[in-house]
Amino acid sequence: MKLVIGGYAQGRLAYVLQQYEKQTEDVFDLAEHSIFEWNRQTILYHMEELATQAEQESQSVFDWLERYLPLWNDCILITQEVGCGLVPITPEERQWRETVGRMNIWLAAQAETVERIFCGLSMQLFPSSGGVV
């Protein structure tokens, strides 16, 4: 599994489509569909929305990650970097950001490669042997 992270509007999806020679048919957008609708597309976009979907189902996002990770061996997961920027006002938004941050740490620790996209450019990050969640 490859992990691609980056801030809002930094060109994550465009980079992945070009770099990995993929098509829009390969993209499953979690901002538009439930994870239960995933049909083996090789790019999972807006992974941060998995935290929202798990919360709506009163589930732990980490339980879902452990269940789906074996199915994502050949996938590219694209997630938003949420730790930079303004701190959310409401406790619920702060909790969501915390969950997504921990989810990204967990995914990075499992990934074979991690790339950060900034202004459409890639920075190769190297996953640790296990992140703190």
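Every read-out reported here was derived from the displayed coordinates using simple, explicitly stated rules and does not represent laboratory data. In this text, all values refer to a predicted model and were calculated from it rather than measured experimentally. Note that each Cβ is placed from the backbone with ideal geometry, even for glycine, and that neighbours are counted across all protein chains shown.
Quick look at the values:
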| read-out | value |
| --- | --- |
| Relative contact order (%) - criterion: Cα under 8 Å, at least six apart; region: the chain | 36 |
| Selected from Glu48, Glu115, Glu66 as most flexible by GNM, with the chain as the system and alpha-carbon contacts under 10 Å | Glu66 |
| Chymotrypsin sites (Phe, Trp or Tyr not before Pro) restricted to the stretch 1-98 and DSSP loop, no more than 12 other C-beta within 10 Å | Tyr8 |
| The stretch 2-77: trypsin sites (Lys or Arg not before Pro) in DSSP coil with no more than 12 other Cβ atoms inside 10 Å | Arg40 |
| Chain lengthening between Asn39 and Glu25 when straightened (0.36 nm per residue, less Cα-Cα) | 4.0 nm |
| Extension reserve of the Glu55-Arg102 stretch, reckoned as 0.36 nm per residue once the Cα distance is removed | 15.5 nm |
| Estimated inter-spin distance, Ile89 and Thr113, nm [label 7 Å along Cα→Cβ] | 4.2 |
| Computed FRET value (nearest 0.05) for Glu66 with Glu32, which takes r as the C-beta separation and R₀ as 22 Å | 0.35 |
| Most fluctuating residue given options Ile89, Ile105, Ile78, as computed from a GNM of the chain linking Cα atoms under 10 Å | Ile89 |
